[in-house]
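All remarks here apply to the structure that follows.
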Amino acid sequence: MTMAATLSRWLIGFGSIGLLAMTAIIGWQVFGRFVLNSSPSWTEQASLILMIWYVMFAAAAGVHEGFHIRIALLEEKLGARAKPVLRLTALIVAVLGLVLLVYGAQLCWAVRGNVVPSLGVSRAVAYIPLPVSGLLMTLFAIPQIIS
């Protein structure tokens, strides 16, 4: 198994754990609201931040695994003749990954001083996955471009 495949599997695992954690947090929020008549203040922001994290990392893994932005019908109907279109698609994904990397890093820097009140952490924590997943998307798309 290549390093990229291993990293992709880790990202999918992290996404799965993030989804489970978000489900548990929302479950706790519902329990607090309807059973305890007191909803915890941190649950909504924590679940939103978790969702940003697991969605962005799953999207990066999707570029490697081929379950994200895939033109399966085109591939099936045209076979080898679809190769130029698939390369173009991978190039677009790589460029969008670079956009996420650059502008995501700028966003993290711009909001680093803002605090999420209910969690007491920097707002940048929510946006760290943007540049990281952008870099991974670009790295995962490069072999698809040159193949």
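What the table shows:
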read-out	value
Tabulated pairs, segment 1-24, first in a helix (DSSP H, G or I), second open to solvent by 50 Å² or more (accessible area, probe 1.4 Å) and among the aromatic types (Phe, Trp, Tyr), C-beta under 6 angstrom, 6+ apart or interchain	18/53
Residue within segment 129-146 that is more than 23 Å from residue 2 (Cβ to Cβ), exposed (fewer than 14 other Cβ atoms within 10 Å of the Cβ), modelled with pLDDT under 95 and among the β-branched types (Val, Ile, Thr) present	no
Enumeration of residues in segment 84-128 that are of a type in the set (Gly, Ala, Ser) and either in a helix (DSSP H, G or I) or open to solvent by 50 Å² or more (accessible area, probe 1.4 Å) (or both)	90, 94, 97, 104, 105, 110, 113, 120, 124, 126
Some residue of segment 43-58 being under 14 Å from residue 138 (Cβ atoms) and not polar (S, T, N, Q)	yes
Of residues in segment 26-54 being open to solvent by 70 Å² or more (accessible area, probe 1.4 Å) and part of a helix (DSSP H, G or I), the one nearest to residue 94 (Cα to Cα)	51
Segment 55-65: number of residues that are crowded, with 17+ Cβ neighbours inside 10 Å, without any contact (Cβ under 8 Å) to a residue 60 or more places away in the chain and of a type outside the set (A, V, I, L, M, F, W, C)	1
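The values are calculated or read from the model by the stated rules, or taken from the named source; none is laboratory data. This structure is a prediction, so every number in the text was calculated from the model and none was measured. FYI the Cβ positions are ideal-geometry reconstructions off the backbone, even for glycines, and counts take in every protein chain you see. Keep in mind that these areas ignore ligands, DNA and RNA; they rest on the heavy atoms of the full protein, side chains included. Shrake-Rupley method; radii C 1.70, N 1.55, O 1.52, S 1.80 Å.
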